[in-house]
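Notes follow the structure.
The values are calculated or read from the model by the stated rules, or taken from the named source; none is laboratory data. These numbers were taken from a predicted model, which means no experiment stands behind them. With ideal geometry, Cβ positions are generated from the backbone for all residues, glycine too; neighbour counts draw on all protein chains shown.
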Amino acid sequence: MRDIRRLSARLLSWVAAAVLLATVFGAYLSPHLVVDLASRVWACL
Amino acid sequence: MTAADRIGYSLGMNLPVTSARQLSMPQVLLCGALIVTLSMGIRHGFGLWLQPMTMDRAWSRETFAFALAVQSLAWGIAGPFAGMLADRYSAYRVLVVGGLLYALGLVLMALSSTGLAFAGSAGVILGMAQSGCTYAVVYGVIGRNVAADKRSWAMGATAAAGSFGQFLMVPVENWLISAWGWQNALFVLGCAALMILPIARGLREAPFTAHHGFQQSVGAALREAFANPSFRWLTAGYFVCGFQVMFIGVHMPSYLKDHGMAPGVATTALALIGLFNVFGTYTAGWLGQRWPKRFLLAGNYALRSLVIAVFLLAPLNPASVYLFAAAMGLLWLSTVPPTNALVAQIFGVQYLSMLGGVVFLSHQMGSFMGVWLGGKLYDATGNYDLVWWIAVMLGVVAAACNLPVRESPIVRSDVLPAAA
């Protein structure tokens, strides 16, 4: 029972991390940010 | 023998070295990860201020770039001193001072109206702040409080948090600038930096003591490290890490633009490097617990050279840029956990922050050279080809540098054998 609980907690934490990373990656791909960021990055050259 | 003594034995110090009360691993990991998420994340997006600040203040780009170059060097130069203070007195106090300097530097950066004031705030103060609240100081606490058989993994998890901070803060800072204006965005970040202070309480250690006659001065620790060929090899290899990462980070957008890539390709590449960097640093720490770390480091540098060479020789298109970004992301900061874990493994943890700071100084000198040489050779030749191939060659050299590293703990003949 304790092993199952520990495994579930570990699985849950990995899923949470994956969701968090996917959310941030999605933020990079939002059209507004791409244009905004690209103009700043390109302006630096 | 206490649990702490067992850790002391496992540090490779030939005798039990213990702090009076160990911090729990989850506490050290959580607080350390939060601190490096903030400290590494906040600075990562500073390039986003170039356009609004130079326009508002009527500065040249050189003024801005110079301050950031000063910041990198100040971080590297202050690192061994911050590490020494953390090792000798208290990592907690160094973290508090680092957090305060971080907030002060950000506020003064926002208020700077001359190039000199900007170099002082964004350059010197923020560089010193980073030396006080990034990897070297946090790794010292991890080294002293996490058992050797989990140390590399713990360093990898903490480095992954720093990588996540870098990944997270670029869109956050971009949003802050757009929504609040560049000056207010810096004030908000200054408040965020102050969060380091309460979190640092979780890394407050009891006085670190050594018994059974073991005492080593700062000077003796430095002499011992520099006399050790493995330390010199590690330090030389880390120079290349800084060179490659900063050259690619700073000059790749320009390289892509020269080759007619759309602006969105560079931002997606940036996102991919950030994403895969999180996986890479965590995995490097985890692997460091299982495989010889010198092979991990040599493999990392050799793979970097291979990836860069393939990128240069393959036809350039968005797909090849994304593949390159993902592969480099995996290798990006994954040198950090094995390098610091090796320093702890060879020399013990009494001066881990200071010795980590010394190795990191070499990294920062490499960073400076990567940025500077990239621009210099671009101006001289009209393209980046030569610098790319220098990066490839340096990767091979760094791989060779790490192979002769001896991972076994240093034997100290002047230390009394431990009474178990």
*Could you please find all residues in region B:41-74 being within 14 Å of chain A (Cβ to nearest Cβ) and closer than 19 Å to B:LEU203 by Cβ?*
B:GLY41
*In this structure, does B:TYR384 turn out to be surrounded by fewer than 24 Cβ atoms within 10 Å (Cβ to Cβ), touching a Gly at 6+ places or on another chain (Cβ under 9 Å) and over 30 Å from B:SER217 (Cα atoms)?*
yes
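Do we find that B:ALA400 is surrounded by fewer than 19 Cβ atoms within 10 Å (Cβ to Cβ) and under 18 Å from B:ARG232 (Cα atoms) in this structure? Show your work before the answer.
Numbers: surrounded by fewer than 19 Cβ atoms within 10 Å (Cβ to Cβ): yes; under 18 Å from B:ARG232 (Cα atoms): yes.
The answer is yes for B:ALA400.
Would it be correct to say that B:ARG93 is within 23 Å of the chain's Cα centre (by Cα) and either within 14 Å of another protein chain (Cβ to nearest Cβ) or surrounded by fewer than 17 Cβ atoms within 10 Å (Cβ to Cβ) (or both)? Let's see the steps before the verdict.
Details: within 23 Å of the chain's Cα centre (by Cα): yes; either within 14 Å of another protein chain (Cβ to nearest Cβ) or surrounded by fewer than 17 Cβ atoms within 10 Å (Cβ to Cβ) (or both): yes.
So B:ARG93 passes the test.
Being over 16 Å from B:GLY76 (Cβ atoms) and either polar (S, T, N, Q) or buried (at least 24 other Cβ atoms within 10 Å of the Cβ) (or both) is the filter here, so list the residues in region B:348-375 that pass it.
Within region B:348-375, the first condition is being over 16 Å from B:GLY76 (Cβ atoms), and the residues that meet it are B:348-352, B:373-375.
Passing the criteria: B:GLY348, B:VAL349, B:GLN350, B:TYR351, B:LEU352, B:GLY374.
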*Where in region B:193-298 are there helices (runs of 4 or more DSSP H), lying fully within it, with 2 or more residues that are surrounded by fewer than 18 Cβ atoms within 10 Å (Cβ to Cβ)?*
B:218-227, B:229-258, B:263-288
*Tally the residues that are surrounded by fewer than 20 Cβ atoms within 10 Å (Cβ to Cβ) and within 20 Å of the chain's Cα centre (by Cα), restricting the search to region B:23-33.*
1
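Given the residues A:ALA22, A:ALA17, which is the only one that is modelled with pLDDT of 90 or more, surrounded by 14 or more Cβ atoms within 10 Å (Cβ to Cβ), assigned to a helix (DSSP H, G or I) and more than 8 Å from chain B (Cβ to nearest Cβ)? Give the derivation first.
Numbers: A:ALA22 fails: surrounded by 14 or more Cβ atoms within 10 Å (Cβ to Cβ).
Testing whether each residue is modelled with pLDDT of 90 or more, surrounded by 14 or more Cβ atoms within 10 Å (Cβ to Cβ), assigned to a helix (DSSP H, G or I) and more than 8 Å from chain B (Cβ to nearest Cβ) leaves just A:ALA17.
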*Which condition number does B:ALA391 fail, the rest of (1) modelled with pLDDT of 95 or more; (2) more than 14 Å from B:CYS241 (Cβ to Cβ); (3) touching a Phe, Trp or Tyr at 6+ places or on another chain (Cβ under 9 Å) being met?*
(2)
_Residues that are touching a helix residue (DSSP H, G or I) at 6+ places or on another chain (Cβ under 9 Å) and polar (S, T, N, Q), at least 3 per element: which helices (runs of 4 or more DSSP H) completely within region B:324-420 meet that?_
B:336-347, B:352-381
_Just checking, does region B:249-265 include any residue being of a type in the set (Gly, Ala, Ser), within 14 Å of chain A (Cβ to nearest Cβ), in contact with a Pro (Cβ under 9 Å, 6 or more places away or on another chain) and more than 25 Å from A:ALA17 (Cα to Cα)?_
yes
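Mind counting the residues in region B:307-332 that are over 21 Å from B:THR268 (Cβ atoms) and without any contact (Cβ under 8 Å) to a residue 12 or more places away in the chain?
Here is the first cut: in region B:307-332, the ones over 21 Å from B:THR268 (Cβ atoms) are B:309, B:313.
Those left that are additionally without any contact (Cβ under 8 Å) to a residue 12 or more places away in the chain: B:313.
The total comes to 1.
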*Members of region B:38-67 that are surrounded by 22 or more Cβ atoms within 10 Å (Cβ to Cβ), in a helix (DSSP H, G or I) and under 20 Å from the mean Cα position of the chain (by Cα)*: B:LEU38, B:SER39, B:MET40, B:GLY41, B:ILE42, B:ARG43, B:ALA67
